[in-house]
Amino acid sequence: MNDEDELGVTLAAFREYLEHERRASPRTVEHYLRDLDSLAAFVRTRRDGRASLDDVTLMMLRSWLGERAKGRKNATISRNVSSVRSLFAFARRTGRITEDASALLRAPKLLRPLPTLVSVPDASRMMGAPGEAPTSRGTHRRGDVIERERLALRDVAMLELMYGSGIRVGELVALDVLGVDLAQRSARVHGKGDKDRVVPLGPQCCAALAVYLTIRPLLCHPRTGERHPTALFLSHLGARLTSRMVQLLVAAYGKLGMGRPDMHPHALRHACATHLLDSGADLRVIQELLGHASLSTTQRYTHISLEKMMRVYDKSHPLAK
């Protein structure tokens, strides 16, 4: 980046703002700056290699978005618009510009697919799926069987925690042993926006976690004996579980317990929210449990429950036939 390039200096200041003032997640910072670096390159090619934010007109923004739209999904273009608007809002607030060229930008409409619906019986079957996984069949050695049984105990605790408390997969894998208080039946979760919240743990979840914690010390590297010192959920090599590992496990148990290969961790989060709502839980309580910053995000579950109610009505009520 050229030191005399005002646009580059502005982007560097915006990164500092995102990281330290807004405390955005590293993923958000990465995506926003990748979008804005693309915009900066687009502007510089039209300004002899140097540019400032004043050079970025509405016409130029629309041309850039037109280029970006080729072969990209609406969700990506919508995020591009959000990145630009955030930059211009920051620049105006800090006195770098007086006119906001992004004010008239319109993001494309997003058709949000409804989340994967999981019934209470299906969720119950999935919780028991790790215990049904093959262990002693075939030509498995005794050591392999014991390890599989240990991992099954871990996976039951993991599924119970996701379905029982509705935590995100990233929050699950970031949990430490000390973040769980079985006596108080609660866990301290580090969520989006660098915020902590406390979620309740049900009796079945606590029981599964208690059993898992007794065998956790046995999950270690087979040669070195090393294990992650603080992580709650460990792999068979003693490392902290990753989000990808959990996604694969949930898909496998969804297929085994429910015959559904489309299961993913977020579906268990949705199931937690919709089952609470169907049982009469207050929307504000669900918002707090899930860690939603806005109630409008939580209100999406009311639409899901309403659709379910209408299906039952259409099927059952004589006036609907």
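Points worth noting:
- Meets criteria (within 25 Å of the chain's Cα centre (by Cα) and among the hydroxyl-bearing types (Ser, Thr, Tyr)) for Ser83: yes
- Any chance Asp155 is of a type outside the set (Val, Ile, Thr), at pLDDT 90 or above and surrounded by fewer than 18 Cβ atoms within 10 Å (Cβ to Cβ): no
- Scanning the range 169-194 for residues being in contact (Cβ under 8 Å) with a residue 12 or more places away in the chain and assigned to a strand (DSSP E or B) gives a total of 6.
- Restricting attention to the range 6-50, the residues that are crowded, with 18+ Cβ neighbours inside 10 Å, closer than 13 Å to Arg96 by Cβ and of a type in the set (A, V, I, L, M, F, W, C) add up to 3.
- From the options Val211, Val156, residue that is within 22 Å of the chain's Cα centre (by Cα) and of a type in the set (A, V, I, L, M): Val156
- Breaking point among (1) modelled with pLDDT under 85; (2) farther than 25 Å from Ser186 by Cα; (3) assigned to a loop (DSSP other than H, G, I, E, B), for Ala103: (1)
For (1) out of contact with any Ser or Thr (no Cβ under 8 Å at 6 or more places or on another chain); (2) touching a residue at least 60 places away in the same chain (Cβ under 8 Å); (3) within 17 Å of Arg85 (Cβ to Cβ), each residue gets a yes or a no:
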position: Val9; (1), (2), (3): yes, no, no
position: Ala12; (1), (2), (3): yes, no, no
position: His20; (1), (2), (3): yes, no, no
position: Arg23; (1), (2), (3): yes, yes, no
position: Pro26; (1), (2), (3): yes, no, no
position: Ser38; (1), (2), (3): yes, no, yes
position: Ala41; (1), (2), (3): yes, no, no
position: Thr45; (1), (2), (3): yes, no, no
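- Test: residue in the range 48-59 that is modelled with pLDDT of 90 or more and either part of a helix (DSSP H, G or I) or in contact with a Lys or Arg (Cβ under 8 Å, 6 or more places away or on another chain) (or both): yes
- Within the option set Val211, Val246, Val198, being under 17 Å from Ala174 (Cα atoms), of a type in the set (A, V, I, L, M, F, W, C) and surrounded by fewer than 16 Cβ atoms within 10 Å (Cβ to Cβ) holds for one residue only, Val198.
The values are calculated or read from the model by the stated rules, or taken from the named source; none is laboratory data. Remember, predicted model here, so these are calculated numbers, not experimental data. Cβ atoms come from the backbone with ideal geometry, glycine included; neighbour counts cover every protein chain shown.
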